Amino acid sequence: MELVRSHVLVCGGTGCTSSGSKQIIEEFETQLKNFDIDKEVKVIQTGCFGFCAMGPIVIVYPEGSFYSMVQKEDVAEIVEQHLLKGKIVTRLLYKETVEEDNVKSLNEIDFYKKQHRVALRNCGVIDPENIDEYIACDGYKALGKALTEMTPQEVIQEVKDSGLRGRGGGGFPTGVKWDFASKSVNDQKYVLCNADEGDPGAFMDRSVLEGDPHSVIEAMAIAGYAIGANQGYIYVRAEYPIAVHRLQVAIDQAREYGILGKNIFETGFDFDLEIRLGAGAFVCGEETALMTSIEGRRGEPRPRPPFPAVKGLWDKPTILNNVETYANIPVILLNGAKEFAKLGTETSKGTKVFALGGKINNTGLVEVPMGTTLREVVYEIGGGIPNGKQFKAAQTGGPSGGCIPADLIDTPIDYDSLIKIGSMMGSGGLIVMDEDTCMVDIAKFFLEFTVDESCGKCVPCRIGTKRLLELLNKITDGTGTLEDIDEMETLCNTIKSSALCGLGQTAPNPVLSTLKYFRDEYVEHVVDKKCRAGVCKALLSYKIDADKCKGCTLCARQCPVGAISGKVKEAHIIDTTKCIKCGVCESTCKFGAISK
Amino acid sequence: MKSLADLEAIRNKTVNKVGLRKENAEETRIVVGTATCGIAAGARPVMQAFVEEIQKRNLSNTFVTQTGCIGVCRLEPIVEVYAPGQEKVTYVKMTPEKAQKVVLDHVVNGKIVEEYTIGKAE
């Protein structure tokens, strides 16, 4: 008999894996054997806990001790002190959980307190490679309920009533989409999952696939039943090896249990799934390009209509939903649309997962009810900006979205509020920027990305974004004119209204929204030849404050191009014609004499 | 597996294992003192007996955890039981046999085993 009294949960998400969680698991297994308690303590590799900034993370149950930044060397101590002797290793606990010797529970930490986990309900709780644990958390119960107690139309109605909208960024009502597809008459229909998460800085979908792959499989089977499809494909990036592996394991287990395949739950319903790997082209996240890619052709979009619900994969009616959208479906069917719709705002129901990144203390994955303000996410959950810097803006929606400036920080995060201020929900990347970020440079960064990723099929996107980038380069080089700024605006609007697919239509958004809120910075670059954040190299010049310089010669010795000269114990000078603005001198000066 | 009944069976079999990881007001917590004094007095076999007994009876929401020195080393092994809606009960000088009785009488049937409690021992 298995005598398990304690579970050691080690995060096996991509973040923690890259900071060494695999070695930690191995070390735990070795140490548990050393102390001869390997039979009563079980080590489980889970999906992402979300608190990536503090990784690798280890949680020990039933105590719920939250160990952060665990190193391989710490494992022996945890095993001997905590698991053998019952003494929690306070030194390694996440500091916020320890307060005057009281150990707080996980849910009381600021990072988790305001979160509400629906899509991520099982992430970091279950072993994603063990179907039994998913079933223990009510897994596949929603599928059973749909197949035995509900008609396809009732399933669609429930999803409609929940108010669930597409979590991939578009925000189209999921139930309506399903309804269209169910009404298309055809002998063959398809259910697709879009796991081609390509926004820089976004990793929500990856975390769901890594932490709870069965929830996506279950939801796709439900969708298949609702629209009358018996085949599904999950299109996932090959760059997500852990997600692909766990998904395959999950599909195999579901087949073995007869949850995928023929005659599921003896109801006569057949459904099966296959994984299709994407090579990592950003445009393949666009629905028509994704389907073209699954068909084995070059991933390029085509005009809509016809919409996929009428003519999709291999010209058959198809629905395509994002990973996070699917992860919500079992919860909706099990607890009811009403329960789901309790969270969120009038037009945006439920929760949204965000990948919090950039200049923020608690980098990681958070799930909050729709309508939570940006301030709450940045300051309460995110722990604020590092090094006491000022919040300048946040970028939502990655290269398709826009920025939210500091004075709009109290904007509630939901689909419509974000559109109103010129940004968008996007798939959930949330990049925080502080005063050291140049807004022109940020716009340039995202545009470089879309120029790179444009498939080239339509002219506005292929050539328009390229010309736009050239104008931006002129401005950051200090050779731009005020006319260029106006020209950029016109070009942006032209691309927006004429590009073929979502990639092109949204590509100018970062430029437009930074122009809207930070036009003065653009003007400053052009007129004053100045970059206030000190990012645009061409506009920088380093100088030495003669009063502060002690003549220690350190900077002169460090300068890679020999641009600094001066005698020992006398103030040095920088030859700006030679200077390549690498910033080495500034960081080596011990007296703070060098500045931009 | 094919039917919904099979699914339910798997769920029931695994639910307790995963329940260990959820925080729950309805749970019963059995805390065994396993500091040096406790271990020397035989706390480990006592703890194992609790785990085994809970497993055998397939009790849900019942967990065994450890703690450090409770302070009355002469009465070790000491075990504290926190049941929902009840005051903490402290059992002293525990043995694996007594552990089985505590699980059956106290945890399952809700009847405190008075004779093992600290009040009786003093």
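The values are calculated or read from the model by the stated rules, or taken from the named source; none is laboratory data. In this text, all values refer to a predicted model and were calculated from it rather than measured experimentally. Methodologically, a virtual Cβ is constructed for each residue, glycine included, from the backbone with ideal geometry; neighbour enumeration extends over all protein chains shown. Just the protein is used for accessible areas: all its heavy atoms, side chains included, with ligands, DNA and RNA removed. Shrake-Rupley method; radii C 1.70, N 1.55, O 1.52, S 1.80 Å.
Only one of A:K95, A:K33, A:K114 is surrounded by fewer than 16 Cβ atoms within 10 Å (Cβ to Cβ) and touching a strand residue (DSSP E or B) at 6+ places or on another chain (Cβ under 7 Å); which?
Step by step, each of A:K95, A:K33, A:K114 is checked, and only A:K114 is surrounded by fewer than 16 Cβ atoms within 10 Å (Cβ to Cβ) and touching a strand residue (DSSP E or B) at 6+ places or on another chain (Cβ under 7 Å).
Among the residues of the stretch A:270-308, what is the count of those that are open to solvent by less than 10 Å² (accessible area, probe 1.4 Å), in contact with a strand residue (DSSP E or B) (Cβ under 8 Å, 6 or more places away or on another chain) and small (G, A, S)?
1
Got a sec? Which of A:E367, A:E324 is of a type in the set (D, E), at pLDDT 95 or above and touching a Lys or Arg at 6+ places or on another chain (Cβ under 6 Å)?
A:E324 is the lone residue from the list that is of a type in the set (D, E), at pLDDT 95 or above and touching a Lys or Arg at 6+ places or on another chain (Cβ under 6 Å).
How many residues are farther than 19 Å from A:D199 by Cβ, part of a helix (DSSP H, G or I) and open to solvent by less than 20 Å² (accessible area, probe 1.4 Å) when one looks only at the stretch A:431-467?
Result for the stretch A:431-467: 2.
When you scan the stretch A:2-30, how many residues do you find that are part of a helix (DSSP H, G or I) and either over 21 Å from the mean Cα position of the chain (by Cα) or surrounded by 15 or more Cβ atoms within 10 Å (Cβ to Cβ) (or both)?
14
Restricting to the stretch B:49-58, and then to whatever is among the hydrophobic types (A, V, I, L, M, F, W, C) and at the interface with chain A (Cβ under 9 Å from one of its Cβ atoms), can you tell me which residue is farthest from B:A9 (Cα to Cα)?
B:F50
For the stretch A:65-100, give me each residue that is closer than 16 Å to A:H7 by Cβ and either in the same structural domain as A:N362 (by TED's automatic domain parsing) or not in a loop (DSSP other than H, G, I, E, B) (or both).
Those that are closer than 16 Å to A:H7 by Cβ and either in the same structural domain as A:N362 (by TED's automatic domain parsing) or not in a loop (DSSP other than H, G, I, E, B) (or both): A:S65, A:F66, A:Y67, A:V75, A:I78, A:V79, A:H82, A:L83, A:L84.
Filter the stretch A:145-190 down to the residues that are touching an Asp or Glu at 6+ places or on another chain (Cβ under 8 Å) and at pLDDT 95 or above, then identify the one that is most open to solvent (accessible area, probe 1.4 Å).
Applying the filter and picking the extreme gives A:K160.
Check the stretch A:193-204 and report whether any residue there is open to solvent by less than 10 Å² (accessible area, probe 1.4 Å), under 24 Å from A:Y235 (Cα atoms) and in a strand (DSSP E or B).
Yes, because at least one residue in the stretch A:193-204 is open to solvent by less than 10 Å² (accessible area, probe 1.4 Å), under 24 Å from A:Y235 (Cα atoms) and in a strand (DSSP E or B).
Kindly provide the set of residues from the stretch B:60-75 that are assigned to a loop (DSSP other than H, G, I, E, B) and away from every other protein chain (no Cβ under 13 Å), ordered by number.
B:G71, B:V72
Condition test on A:E483, is it closer than 17 Å to A:G401 by Cα, modelled with pLDDT of 95 or more, surrounded by fewer than 22 Cβ atoms within 10 Å (Cβ to Cβ) and of a type in the set (D, E)?
The answer is no for A:E483.
Taking the condition within 30 Å of A:L471 (Cα to Cα), surrounded by fewer than 19 Cβ atoms within 10 Å (Cβ to Cβ), of a type outside the set (S, T, N, Q) and in contact with a Gly (Cβ under 9 Å, 6 or more places away or on another chain), does A:I419 pass?
yes
A:G64 is checked against (1) away from every other protein chain (no Cβ under 13 Å); (2) on the phi > 0 side of the Ramachandran plot; (3) of a type outside the set (S, T, Y) and fails just one. What number does that condition carry?
Answer for A:G64: the failing condition is (1).
Please indicate, with yes or no, whether at least one residue in the stretch B:58-69 is at pLDDT 90 or above and more than 19 Å from A:K42 (Cα to Cα).
no
Counting only residues that are open to solvent by 30 Å² or more (accessible area, probe 1.4 Å) and within 20 Å of B:A83 (Cβ to Cβ), which one in the stretch B:16-27 is farthest from the other protein chains (Cβ to nearest Cβ)?
B:E26
Suppose we keep only residues that are within 30 Å of A:Y134 (Cα to Cα), more than 8 Å from chain A (Cβ to nearest Cβ) and open to solvent by 10 Å² or more (accessible area, probe 1.4 Å) within the stretch B:28-48. Which one would you say is modelled with the highest pLDDT?
Only one residue tops the list, namely B:V31.
Looking at A:A221, A:A243, which is the one that is in contact with a strand residue (DSSP E or B) (Cβ under 9 Å, 6 or more places away or on another chain) and away from chain B (no Cβ under 14 Å)?
Of A:A221, A:A243, the one residue that is in contact with a strand residue (DSSP E or B) (Cβ under 9 Å, 6 or more places away or on another chain) and away from chain B (no Cβ under 14 Å) is A:A243.
So, of the residues in the stretch A:575-596 that are among the β-branched types (V, I, T) and open to solvent by 30 Å² or more (accessible area, probe 1.4 Å), which turns out to be farthest from A:D477 (Cα to Cα)?
Applying the filter and picking the extreme gives A:T588.
Scan the stretch A:355-370 and give yes if some residue there is crowded, with 19+ Cβ neighbours inside 10 Å, without any contact (Cβ under 8 Å) to a residue 60 or more places away in the chain, in the same structural domain as A:G429 (by TED's automatic domain parsing) and over 16 Å from A:I431 (Cβ atoms), otherwise no.
Yes, there is a match, as at least one residue in the stretch A:355-370 is crowded, with 19+ Cβ neighbours inside 10 Å, without any contact (Cβ under 8 Å) to a residue 60 or more places away in the chain, in the same structural domain as A:G429 (by TED's automatic domain parsing) and over 16 Å from A:I431 (Cβ atoms).
Please tell me if A:V43 is open to solvent by less than 10 Å² (accessible area, probe 1.4 Å) and either of a type outside the set (K, R) or assigned to a loop (DSSP other than H, G, I, E, B) (or both).
no
Kindly indicate whether A:A556 is in a loop (DSSP other than H, G, I, E, B) and touching a strand residue (DSSP E or B) at 6+ places or on another chain (Cβ under 8 Å).
No.
Could you please find all residues in the stretch A:489-506 being of a type outside the set (A, V, I, L, M, F, W, C) and buried (at least 22 other Cβ atoms within 10 Å of the Cβ)?
A:G504, A:T506
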